[in-house]
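S.K.: The structure under discussion is supplied below as structure tokens; questions concerning it will follow.
What follows is calculated from the coordinates using simple rules that are stated; it is not laboratory data. As the structure is a computational prediction, the values presented were derived from the model and not from experiment. Counting neighbours? That spans all protein chains shown, and the Cβs are built from the backbone with ideal geometry, glycine included.
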Amino acid sequence: MKLHIADMLRAQSAGHISFHTPGHKHAGGDITELSYSDNLYSPQSVIKRAEEDAAKILGAHRSFFLTDGSTAGVFSMIFAVKAAGGERLAVPEFSHPSVFHACTAMGMQVVPIPQRVRWGIPLQPEEEEVAKALERADALLLTSPDYYGYFPPMAAAKELCRKAGKPFLCDGAHGSHLHFCESYAGKFADMWVDGVHKSLPAMTQGAVVSAQEAWASRLEEAVRIFRTTSPSYPILASVEYAVKYPRNLAIEEASEAFKRGHGCLANDDWSKILVPFGEQSSSAQAALEERNIYPEFNDGNFLMFYLSPCSKEEELAILGSVLDSLPRGEVGEDAPQGGIPIYREGL
Ligand SMILES: Cc1ncc(COP(=O)(O)O)c(C=O)c1O
């Protein structure tokens, strides 16, 4: 498939004399909005075509590229709800801080959905808890999948929202690689954000926020408020590349086989491998890092290894052989020490 933004950057790069920003004067093909490079605020050419392709691929009515991370998408979705008159948003109590920050900034009241914690991992909320919170809220936001690779009850949440006539938002910061699958957030939500820089090959901060028809124009207004007016073209080009990146079934299957073969915690998402090390977590992390192997995080119970369609089976094999040589400890029930922060701001 054509890469509109990268092709434009390539075609225009030779002999370019820059009397425009950025101040590095055209290093690395990093340009600003010029006559030929379109405009993220009001796209008419290459960005418009890239966003249209993305919407088709992601099953959205409209998709908007972001160079400010999923955070800008979360703010935009919540703003769209607020602008439509929403006052209360039901969210799981361990949602990402961007959710609480957006609610604080917009004066949106948080209706917390309780989550149980097991081995320090906040579990996805039960359907009954989602239903109870939604009764007291004007909209619902769930995270799918979460950082540990678990899904909330998406189909039930969609149905609850449909019956109540309330919008369903999804934080898919960790789920963009699932757009090939039935579990993808876009199959359920009215608005959702894809963190394409996390699980697809986009540069850091690349993200996409999308909407189905009823919410598309409100979301378009919202992204204008929260996006930078100086978008990075390398990031924009990488977002288009990431959304168009093909599925890698071989690595998906290799990951699931790896989990079965190396005593990993079962989860729902091939891209997140959780290895229980308990009190041995930090020494296991140090031993891996001595061999130049870096996990995504160590939460004091589990080391998490984050894959993407670009991950290599050979590297998984190296990881497996090192993991098998490391002692495992007991996984504790308590909240993890020194692991990922658990946020309860605004509650
Ligand atoms: C669940 C979740 N939502 C949203 C975000 C924000 O994403 P970004 O860092 O791309 O702004 C993150 C970041 O880690 C996250 O984990």
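S.K.: Full extension from Gln109 to His16: what is 0.36 nm times the residue separation minus their Cα-Cα distance, to one decimal in nm?
M.R.: In short, 28.5 nm is gained.
S.K.: Cβ neighbours within 10 Å, averaged per peptide: list 138-147, 90-99 in order, most packed at the top.
M.R.: For the peptides 138-147, 90-99, the packing ranking is 138-147, 90-99.
S.K.: Also, quick follow-up: Dipole size in debye (nearest 20) for the range 135-235 around its Cα centre, Lys and Arg Cβ +1, Asp and Glu Cβ -1?
M.R.: On the way: 10 positive and 11 negative charges, 14 e Å.
It works out to roughly 60 debye.
S.K.: Right, next: Compare the Cα positions of Ile17, Gln124, Ser199 along the charge dipole of the chain (+1 at Cβ of Lys, Arg; -1 at Cβ of Asp, Glu; about the Cα centre) and return the one farthest towards the positive end.
M.R.: Positive-end residue among those listed: Ile17.
S.K.: Can you give me the Cα centroid spacing of the range 318-334 and the range 164-218 in angstrom?
M.R.: Taking the Cα centre of the range 164-218 as reference, the centre of the range 318-334 is 33 Å away.
S.K.: Given axes a ≥ b ≥ c from the Cα gyration tensor, I'd like to know whether the chain is rounded (a/c under 1.5), prolate (a/b larger than b/c) or oblate.
M.R.: Working: a/c = 1.91, a/b = 1.17, b/c = 1.64.
It comes out oblate by the Cα gyration axes.
S.K.: Which order, highest average first, do 29-41, 116-128, 179-191 follow once you tally other Cβ atoms within 10 Å for each residue and take the mean per peptide? Show your work: numbers first, answer last.
M.R.: Values: 29-41: 15.8, 116-128: 17.8, 179-191: 21.5.
Order by mean packing, descending: 179-191, 116-128, 29-41.
S.K.: Follow-up. Between Ser217 and Ala250, what FRET efficiency follows from the Cβ-Cβ distance if R0 is 45 Å, with the result rounded to 0.05?
M.R.: 0.65
S.K.: Of Ala157, Gln44, Pro246, which is farthest on the positive side of the dipole of the chain, counting Cα position, with +1 on Lys and Arg Cβ, -1 on Asp and Glu Cβ, and the Cα centre as origin?
M.R.: After comparing all options, I get Gln44.
S.K.: For a 30 Å ceiling on Cα separation, which of these pairs sit above it: Lys2/Lys82; Lys132/Lys187; Lys2/Lys166; Lys198/Lys259; Lys82/Lys244?
M.R.: With Cα atoms farther than 30 Å apart: Lys2/Lys82; Lys2/Lys166; Lys82/Lys244.
S.K.: Further question: Relative contact order, percent, of the chain when contacts are C-alpha pairs under 8 Å separated by at least 6 residues?
M.R.: That works out to 19 percent.
S.K.: A further question on this structure: Taking the Cα centre of the chain as the origin, how large is its charge dipole in debye, to the nearest 20, when only Lys and Arg (+1) and Asp and Glu (-1) carry charge on their Cβ atoms?
M.R.: 900 debye
S.K.: Moving to a separate point now. Which order, highest average first, do 283-292, 215-224, 297-306 follow once you tally other Cβ atoms within 10 Å for each residue and take the mean per peptide?
M.R.: Per-residue mean Cβ counts within 10 Å order the peptides as 297-306, 215-224, 283-292.
S.K.: Can you compute the helix-only [θ] at 222 nm over the chain? Use -39500 (n - 2.57) per DSSP H run of at least 4 residues, normalise by all residues, nearest 500 deg cm²/dmol. Write out the running numbers ahead of the final one.
M.R.: On the way: 12 runs with 130 residues, N = 347.
Here the helix-only value at 222 nm equals -11500 deg cm²/dmol.
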